[in-house]
Amino acid sequence: MSAIELHGVTHAYPGSPMRFDLRVEPGEWLAVIGPSGAGKSTLLDLVAGFLPPDSGTIRLLGRDATRTAPAERPLSVVFQDDNLFPHLTAERNVALGLSPTWRLAPKVRDKARQALARVGLAGLENRRPGELSGGERQRVALARAVLRDRPILLLDEPFAALGPALRGDMLALVAELRREAATPPTIVMVTHHPEDAREHADRMAFLDGGRIALVDTPAAVLSGADPRLAAYLGNTTSRT
Ligand SMILES: Nc1ncnc2c1ncn2[C@@H]1O[C@H](COP(=O)(O)OP(=O)(O)OP(=O)(O)O)[C@@H](O)[C@H]1O
Ligand SMILES: [Mg+2]
């Protein structure tokens, strides 16, 4: 049983037809790279259920999820924009990952505080997003996803706006949380940084023009001579 299976999944924004076939195995960490507009976010939106496919089948953990509502899917998403509620404290924002009610049960509150401590934010539970730095806000969003403890974690460039050192720290934290999990989550991570994929991912998919052009180990993808990949990487990225 694969964690994620896309069979002939199509979606057509005006002028941008896309078609995806993909399998991601349980516990695997897949990095997704490709030019702006290639369809990386669209791919994640289809898996998450924010976008209905025009045709094709999506299976998650062996079950047909093609028409399953996003909240019912066995996954969490962290976006580039942290998606926090500005009027709620960090603790409440995290707690919403578990329970969408306004009353905060003590058990839920404890779990939210633990999740915040786990991402290094102990003591900041009562701050609102406006009182946190961009990096801290992304940690709150990550804590919310971690708390949900779903088998699949989708990351759409959540650390892209952070500096290189902090981005590295955040990825190391995701890797550590994954190692600690009784059952490691399946991760699909969109990134514009091939070195992040090389360090953490088991496989890498290169998207181009709404298709998965290449999928293999990061080393194999990055060492390949595909001209589309070369054009994407340019001369600025070392490919050693
Ligand atoms: N809501 C929308 N309506 C119409 N077209 C859209 C919409 N969202 C995305 N598109 C188009 O679909 C294509 C793929 O967009 P997508 O956001 O998946 O790209 P991406 O690979 O995530 O790019 P980036 O690296 O810039 O985030 C683009 O050509 C984009 O203009
Ligand atoms: Mg995108």
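The values are calculated or read from the model by the stated rules, or taken from the named source; none is laboratory data. Because the structure is predicted, anything quoted here is derived from the model rather than measured. Note: ideal-geometry Cβ built from the backbone for every residue, glycine included; neighbour counts use all protein chains shown.
How many residues are near ligand 1 (Cβ under 9 Å from one of its atoms) and surrounded by 17 or more Cβ atoms within 10 Å (Cβ to Cβ) if we restrict to region 34-50? Full working, then the answer.
First pass over region 34-50, keeping only residues near ligand 1 (Cβ under 9 Å from one of its atoms): 34-45.
Of the ones still in play, those that are also surrounded by 17 or more Cβ atoms within 10 Å (Cβ to Cβ) are 34, 38-45.
Selection size over region 34-50: 9.
If you go through region 177-190 one residue at a time, do you hit one that is more than 25 Å from GLN114 (Cα to Cα) and not charged (D, E, K, R)? Spell out the reasoning first.
To start, the set of residues in region 177-190 that are more than 25 Å from GLN114 (Cα to Cα) comprises 190.
From what's left, not charged (D, E, K, R): 190.
Yes: region 177-190 contains one or more residues that are more than 25 Å from GLN114 (Cα to Cα) and not charged (D, E, K, R).
Taking into account only those residues within region 51-87 that are part of a loop (DSSP other than H, G, I, E, B), exposed (fewer than 15 other Cβ atoms within 10 Å of the Cβ) and among the small types (Gly, Ala, Ser), which is nearest to ligand 2 (Cβ to nearest atom)?
Among those residues, the one meeting the criterion is ALA69.
Determine which single condition LEU98 fails, assuming it passes every other condition in (1) modelled with pLDDT of 95 or more; (2) among the hydrophobic types (A, V, I, L, M, F, W, C); (3) out of contact with any strand residue (DSSP E or B) (no Cβ under 6 Å at 6 or more places or on another chain).
So LEU98 meets the others, but not (1).
Across region 7-25, what is the number of residues that are away from ligand 1 (no atom under 14 Å from the Cβ) and either at pLDDT below 95 or within 19 Å of the chain's Cα centre (by Cα) (or both)? Steps first, please.
Step one: list which residues in region 7-25 are away from ligand 1 (no atom under 14 Å from the Cβ), which gives 7-8, 21-25.
This time we only want the ones that are either at pLDDT below 95 or within 19 Å of the chain's Cα centre (by Cα) (or both), so: 21-25.
Selection size over region 7-25: 5.
Using the structure shown, decide if PRO74 is touching a Phe, Trp or Tyr at 6+ places or on another chain (Cβ under 9 Å) and at pLDDT 95 or above.
On the way: touching a Phe, Trp or Tyr at 6+ places or on another chain (Cβ under 9 Å): no; at pLDDT 95 or above: yes.
For PRO74, the condition - touching a Phe, Trp or Tyr at 6+ places or on another chain (Cβ under 9 Å) and at pLDDT 95 or above - is not met.
Rundown of residues vs (1) within 12 Å of ligand 2 (Cβ to nearest atom); (2) closer than 26 Å to ALA231 by Cα; (3) in contact with a Gly (Cβ under 7 Å, 6 or more places away or on another chain); (4) not in a strand (DSSP E or B), yes/no style:
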site: PRO17; (1), (2), (3), (4): no, yes, yes, no
site: ASP21; (1), (2), (3), (4): no, yes, yes, no
site: PRO35; (1), (2), (3), (4): yes, yes, no, yes
site: ALA38; (1), (2), (3), (4): yes, yes, yes, yes
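Considering only residues that are part of a loop (DSSP other than H, G, I, E, B) and free of Cβ contacts under 8 Å to residues at least 60 places away in the same chain, which ones fall in region 160-179?
Kept after step one, since they are part of a loop (DSSP other than H, G, I, E, B), are these residues of region 160-179: 160-163.
Hits for region 160-179 are LEU162, GLY163.
Within region 176-194, how many residues turn out to be away from ligand 1 (no atom under 16 Å from the Cβ) and surrounded by 15 or more Cβ atoms within 10 Å (Cβ to Cβ)?
Taking region 176-194 first, the residues away from ligand 1 (no atom under 16 Å from the Cβ) are 176-187.
So of that shortlist, the ones also surrounded by 15 or more Cβ atoms within 10 Å (Cβ to Cβ) come out as 177-178, 184-187.
Adding up the residues that qualify gives 6.
Would you kindly identify the helices (runs of 4 or more DSSP H) lying entirely within region 180-239 that contain at least 3 residues that are over 18 Å from the mean Cα position of the chain (by Cα)?
Values: elements: 194-200, 218-223, 227-233.
So the answer is 218-223, 227-233.
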